[in-house]
Amino acid sequence: MLIIKKTSDIKSSEITDKEVFLQRRRFLRAAALVTGGALAPGLILPSSASAGEKLAGVRKSAYRVDDKLTPYEYVTSYNNFYEFGTDKSSPAKLAPKMKTRPWKIAVEGEVNKPGVYDIDDFIKPYVLEERVYRLRCVEAWSMVVPWVGIPLGDVIKRFEPNSRAKYVAFETLYDPEQMPGQEPGLFGGGLDWPYQEGLRIDEAMHPLTLLGVGLYGEVLPNQNGAPLRLVVPWKYGFKSIKSIVKMRFVEQQPVTTWNNAASSEYGFYSNVNPEVDHPRWSQKAERRIGEDSWFAPKRPTLMFNGYAEQVASLYAGMDLKKYY
Ligand code: MTE
């Protein structure tokens, strides 16, 4: 993965406007909270579900860190989505054209109830939750994002995995016509497409693991992985695969894109771990996007990105230097 070289292209005048914008949004969110509990699941997505539309009936979850939120403009303009180019600013420019309706998700493999679901049917049975998580990229920067989504574990239970389902493999849409980074060449970093990720079944079932459909109370912008992405807060950001079209339940550890591209640099587990450096740079500290200037000292990276209390037991007895 490339290392970032600039903080942002955002002008200070836009940041001032943002404060006004945030105040309005806080008010709207408070209003949504008052009415939200009464709304039935199934009414949760606006019919067109296009980026930026307000999501109704979102319940605030107790899963929220106290850190200052990364401003919306940074979350949605400083992205890694190699299907739209390796540059941080390319996804915000190129992804908005991607069509996110109709959108199908295939559920395959070791489950009693496989199927192909329309995105709206896929999420309809659930009440949306807002969770504020830290996202720590392997490139040593981080953000704090108010995600909106549903716990992956609740979704998985519905498909009834059998005892051979030891892992879940995820895949992103493959469509070079819509995703220019998937065309041959280096625009998308020369990765093997489609982008693939995987979790052990207990990681996938962990209550912290979220399937994201929105952020800041709104439908997910395409550059952030619309219409459906994974959010695994204790792992490096690349595990949080965007624009998912397939979930396959398997017995063997699945191939993952970054491990396949450079196995000595990116492991299957990729838990945030300040004690295990990337071979080319330290993982001990990080820069908070939108807050820390390039000259400020980096802030220390926390074990499991600060979620050790909740997830350390998943790895009890494992040598995390070997299973990085
Ligand atoms: N998913 C797909 N399909 N393609 C990608 O290039 N990049 C990953 C992850 N998910 C990526 C992806 C990386 S490296 C990071 S850090 C996060 O998305 C970034 O998510 P964000 O742009 O919403 O901050």
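The values are calculated or read from the model by the stated rules, or taken from the named source; none is laboratory data. Quick caveat: nothing in here was measured; it's all calculated off a predicted structure. Don't worry about glycine lacking a Cβ; one is built from the backbone with ideal geometry, like all the others, and counts go over all protein chains shown. Each accessible area value is taken on the protein alone, full model and side chains, heavy atoms only, with ligands, DNA and RNA left out. Shrake-Rupley method; radii C 1.70, N 1.55, O 1.52, S 1.80 Å.
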Most fluctuating residue of L135, L210, L186 in a GNM of the chain with Cα springs under 10 Å: which is it? L186
If you roll a 1.4 Å probe over the heavy atoms of the protein chains, what accessible area per residue do you get for the chain, in Å²? 44
If I model a spin label at S264 and E183 as a point 7 Å from the Cα along the Cα→Cβ vector, what separation in nanometres do I get? 3.3
Of D154, D66, which has the most accessible area with a 1.4 Å probe, and how do the rest follow in descending order? D66, D154
Lys, Arg +1 and Asp, Glu -1 on Cβ, resulting dipole of segment 243-324 about Cα centre, debye, nearest 20: 160
Rank these by accessible area, largest first, 1.4 Å probe: K157, K60. K157, K60
Rounded to 5, the percent of DSSP beta bridges in segment 51-315 classed as antiparallel: 80
Unsatisfied cross-links (Cα-Cα over 31 Å) in the set K97/K321; K124/K242; K157/K242; K104/K298; K93/K235; K54/K242: K97/K321; K104/K298
With the crude spin-label approximation of a point 7 Å out along Cα→Cβ, what separation in nm comes out for V65 versus E108? 3.5
Quick check: the distance between the Cα centres of segment 160-191 and segment 200-239, to the nearest angstrom? 15
Tell me, what is the FRET efficiency for K321 and D192 to the nearest 0.05, using R0 = 30 angstrom and their Cβ-Cβ distance as r? 0.65
Cα centroid distance between segment 257-304 and segment 76-135, in Å? 24
Charge-dipole axis of segment 51-315 as Lys and Arg at +1 and Asp and Glu at -1 on Cβ define it, positive-most pick from L211, N260, Y126: Y126
Rounded, prolate or oblate for segment 62-181? Axes are the square roots of the Cα gyration tensor eigenvalues, ordered a ≥ b ≥ c, and the cut-off for rounded is a/c under 1.5. oblate
Quick check: at a probe of 1.4 Å, how many percent of the accessible area of segment 272-324 sits on carbon and sulfur atoms? 57
Mean-square fluctuation check for the chain, GNM, Cα pairs under 10 Å: which of N224, N259, N273 is largest? N259
With r defined as the distance between the Cβ atoms of N162 and S282 and R0 fixed at 45 Å, what FRET efficiency is calculated, to the nearest 0.05? 0.60
Two-site label geometry, R299 and D118: point separation in nm, points 7 Å out along Cα→Cβ: 4.3
Find which of S313, V245, G190 sits farthest along the positive direction of the dipole of segment 188-324, computed with +1 on the beta-carbon of Lys and Arg, -1 on that of Asp and Glu, about the Cα centre. G190
With springs only between Cα atoms under 10 Å apart, run a GNM on the chain and tell me which of E275, E177, E286 wobbles the most. E177
Can you list the chymotrypsin sites (Phe, Trp or Tyr not before Pro) in segment 206-311 that are in a DSSP coil and have 10 or fewer other beta carbons within 10 angstrom? W294, F295
About the Cα centre of the chain, what is the dipole size in debye to 20, counting +1 per Lys and Arg Cβ and -1 per Asp and Glu Cβ, all else neutral? 580
Using a Förster distance of 22 Å, how high is the FRET efficiency between E53 and K93, based on the Cβ-Cβ distance and rounded to 0.05? 0.60
